[in-house]
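I have placed the structure first, in the form of structure tokens, so that the comments after it can refer back to it.
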Amino acid sequence: MCGIVGYVGAKNAADIVFNGLKKLEYRGYDSAGIASVNGQLEIRRAGGKLVNLQNKLADQPLLGTLAIGHTRWATHGAPVERNAHPHADEQNNVAVVQNGIVENFVALRQQLQAEGHIFRSDTDTEVITHLIDKHLAAGHTLPDACRLSFQQLHGAHAIAVISPAHPDTIIAARLGNAGGVIVGLGDHENYLASDIPAILEHTQQVVFLEDGEMAVITPDSVDYCRLDGSPVTKPTTTITWDPVSAVKGQYRHFMQKEIHEQPQSIQSTIRGRIDFESGQVQFEELHLTPEQAQRIDRIFITACGTSFFAGQVGRFLLEKLAKVKVSVDYASEFRYRDPLVDENTVILALSQSGETVDTLAAMEEGRQKGAALWSIVNVQGSMVHKISNGSILMQAGPEIGVASTKAFTTTLTDLMLLAMYLGQQRGVLSAAQSLELAAALAHLPELAGQVLAEGYNDYDSLARLYHQKEHFLFLGRGLNYPIALEGALKLKEISYIHAEGYPAGEMKHGPIALIDENMPVVSIVTQDHVYDKMISQIEQVRARNGIVISLINEGDDEVARKSDHVLTIPRAHPLLTPIISVIPLQLLAYHTAVWRGADVDQPRNLAKSVTVE
Ligand code: AGP
């Protein structure tokens, strides 16, 4: 959940590392620190936001051409300066940053303390520092001291190490699924990062470490090995993300920018996948023959949070268009219910970050039972991407705001294309249906653009009116039920208002008790097969004096008359409506959070990649 950055070359390393940390602050941000080597090891750390570290660096700059840094999301020890990374031993022989949890740290610490090591923090990470120091003192080289230390750790970790005895070397390792470890390749300089955006402005040539691998990084070389010391040859990957896409530009927040990027990301998702003359869809990366497609007995979609809600829409699309049985499971629950998975089953993991540890665990459960692993994932080289038998790389570009927006609509677009593709491969989607859907998809970026046009809906006034409310209810039916869930999640994540999403028909079975004149109820009432039923739900809210906010299609005067406020969307194909109907809910959440003065891009307690269980 934390961020790691490293640099070795000829420039001021701390400056480069600090700028990289700024790009990663969204991963975890209760404290931060940088260690550099300039003759000796020097460390600056600060609790709270990066600005505190920035102030410290302004007073006491770090010099030198080798540095590692870290933004922390606390697991062991309070988020205060002494627990911030990097951690050094008493003699400043070595500095370490870590993402993950050292599960056996208590036993290791007791042993090291008994041997005379003095601990200065409450963290699990500090044991790694003392272990490496101990092996260095025994005469091992830095790479060997690191390898031997890493072998003693239980759990999953991403680790970076520097030592003043090796002023041109960073050691990095990936052990398990505690987040990525990416080596960025430069010209007489090299980089290290847990996440691509941290180094994207410097290089697009990267190497992803796999579980159990270590890198020895100097300005002119990178050597890779396994923890047993055996060398590994690693491929270099070119990152396709545009470096400019990872900066805020004219927008006040990344979330706002990413909401407005949706027409583009939807367009990029569709482009090249679909032949608009025949309606045929291509997913070569799934390596699927029609016979294999027909043999698929069931698809288990597994994901967390926003990606899970995308999965709920995906179930509907896959069952309808590909005629395949689909279940959707919270990834964190999947392996605890002994799911009936076999070799005719596909596990379809959905993940923006590709590093969500629960999603990886669900995939592992499927793999052990013989299922094929597919994924729709936004981050190239991420663990979900790598362990899949077939992985669809989203075209959303980097998503920096913690609240997922464009990755959600991109996932929905990919799921639609996948449902069409499987329907075609299984011979159950007619040419006429394919053409109808292809035409509707072609129109989709334009519809998303309309909703985002200046002045299309007045979110700001609505947010001003209701931003002090304590509770919101979101209602939807059919394909818009997951959108109600997503609308509620967006609001609670960034504005801290308690919000519930409910299938509208369930309201009368409980939540109706909550409705009074203080309860805003956002109902998604688009003109589809459940339209009349949604109108009944609005009447039930009105009868109890609830505040009726309806999301309607343009020109729907009937529902507008029954509502206190409306948000409008243009009419889209019914199967594509969720991709459009979620956008006003993202913007309502965004404007509400802004009115409440909340930290939109870095909401409290949350992190972009959830790499702990
Ligand atoms: C979305 O706004 C949330 N931050 C969160 O629910 C997220 O969708 C979830 O943690 C899953 O992440 P992933 O898509 O990267 O796997």
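The values are calculated or read from the model by the stated rules, or taken from the named source; none is laboratory data. On a predicted model such as this, the values are computed, not experimentally measured, just so you know. Using ideal geometry, Cβ is built from the backbone for each residue, glycine included, and neighbour counts are taken over all protein chains shown. Areas reflect the complete protein model, heavy atoms only, side chains present, ligands, DNA and RNA absent. Shrake-Rupley method; radii C 1.70, N 1.55, O 1.52, S 1.80 Å.
Quick one: Cα centre-to-centre distance for region 284-300 and region 415-491, in angstrom?
Spelled out, the Cα-based centre of one part sits 27 Å from the other.
Enumerate the residues in region 216-239 having an amide nitrogen under 17 Å from the point lying 7 Å beyond the Cα of T141 toward its Cβ.
216-233
With axes computed from alpha carbons, what is the tilt in degrees of helix 142-151 against the longest principal axis of the chain, rounded to the nearest 10 within 0 to 90?
50 degrees
Could you work out [θ]222 nm for the chain from helices alone, using -39500 (n - 2.57) per DSSP H run of at least four and dividing by all its residues? Round to the nearest 500 deg cm²/dmol.
My calculation for the chain gives -11000 deg cm²/dmol from helical runs alone.
In percent, what relative contact order does the chain have, based on Cα pairs under 8 Å that are 6 or more apart in sequence?
Reported as a whole number, the value is 12 percent.
Hey, what did region 150-194 get for relative contact order, percent, Cα under 8 Å, at least 6 apart?
Worked out over region 150-194, it gives 31 percent.
For the chain, list log₁₀ I(q)/I(0) at each q in 0.06, 0.08, 0.11 Å⁻¹, using the Debye formula over Cα point scatterers of equal strength and ignoring solvent, two decimals each.
So the normalised log intensities are -0.34, -0.59, -1.04.
Taking R0 as 30 Å, what's the FRET efficiency between D223 and D338 from their Cβ-Cβ distance, rounded to 0.05?
The pair D223/D338 has a calculated efficiency of 0.10.
Which cross-chain or sequence-distant (5 or more) residues have an amide H under 5 Å from the amide H of G501, H modelled 1.01 Å from N in plane?
So G501 has HN proximity to F474.
For the chain, which whole percent of the accessible surface, found with a 1.4 angstrom probe, sits on carbon and sulfur atoms?
The value for the chain is 48 percent carbon and sulfur by accessible area.
Can you list the GluC sites (Glu not before Pro) in region 319-361 that are in a DSSP coil and have 11 or fewer other beta carbons within 10 angstrom?
Values: sites: E319, E333, E343, E355; in loops: E343, E355.
Sparse-neighbourhood loop GluC sites (Glu not before Pro): E343.
Taking H as built 1.01 Å from N, whose amide H comes closer than 5 Å to the amide H of D329, not counting residues under 5 places away?
I301, T302, A303
Skipping prolines and chain starts, which residues have an amide H placed within reach, meaning under 5 Å, of the one on N104, given they are 5 or more residues away or on another chain?
Those qualifying (amide H under 5 Å, at least 5 residues apart or on another chain) are H154.
What's the angle, to the nearest 10 degrees (0 to 90), between helix 481-495's Cα axis and the longest principal axis of the chain?
50 degrees
Send over a whole-number figure in Å² for the accessible area per residue of the chain, probe 1.4 Å.
37 Å²
Around D528, under 11 Å between beta carbons, what's the net of Lys plus Arg minus Asp minus Glu among the other residues?
+2
Would you kindly derive the ³J(HN,Hα) couplings of region 9-15 from the backbone phi angles with the Karplus curve 6.51 cos²θ - 1.76 cosθ + 1.60 (θ = phi - 60°), listing them in order in whole Hz, with x for Gly and Pro?
Each residue's phi maps through the Karplus curve to give x, 10, 8, 5, 5, 5, 4 Hz.
Give a residue-ordered list of calculated ³J(HN,Hα) values for region 543-559 (Karplus: 6.51 cos²θ - 1.76 cosθ + 1.60, θ = phi - 60°; whole Hz; x for Gly, Pro).
Coupling constants for region 543-559: 4, 10, 6, x, 8, 8, 10, 10, 9, 10, 6, 3, x, 8, 5, 4, 5 Hz.
Need the list of aspartates and glutamates near K406 for cross-linking: C-alpha distance under 17 angstrom, and skip anything on the same chain fewer than eight residues off.
Partners found: D242, E258, E261, D414, E446, E486, E493, D601.
Calculate the length of the line joining the C-alpha centroid of region 547-613 to that of region 105-180, in whole Å.
Region 547-613 and region 105-180 have Cα centres separated by 46 Å.
Go through K490, K22, K562 and list them by solvent-accessible area, largest first, probe radius 1.4 Å.
Output order, biggest surface exposure first: K22, K562, K490.
In whole Hz, with x marking every Gly and Pro, tabulate ³J(HN,Hα) for region 227-242 from phi via Karplus 6.51 cos²θ - 1.76 cosθ + 1.60, θ = phi - 60°.
5, 7, x, 5, x, 10, 9, 10, x, 9, 10, 9, 6, 8, 5, 6
Find the Cα radius of gyration of region 186-329, compare it with 2.2 N^0.38 Å by division, and give the number to two decimals.
In units of the globular-protein estimate, region 186-329 measures up at 1.42.
What is the angle, in °, between the Cα long axis of helix 126-137 and the longest principal axis of the Cα atoms in the chain? Nearest 10 is fine, range 0 to 90.
It works out to around 30 degrees.
In whole percent, what relative contact order does region 94-212 give with Cα contacts below 8 Å and a gap of six or more residues?
The normalised contact order for region 94-212 reaches 24 percent.
Please give the FRET efficiency for A431 paired with V232, using the beta carbon to beta carbon distance and R0 = 56 Å, rounded to the nearest 0.05.
It comes to 0.70.
Across 10 Å bins from the origin, how do the percents of Cα pairs in region 37-172 run, short distances first?
Computed distribution, short to long bins: 12, 45, 35, 8.
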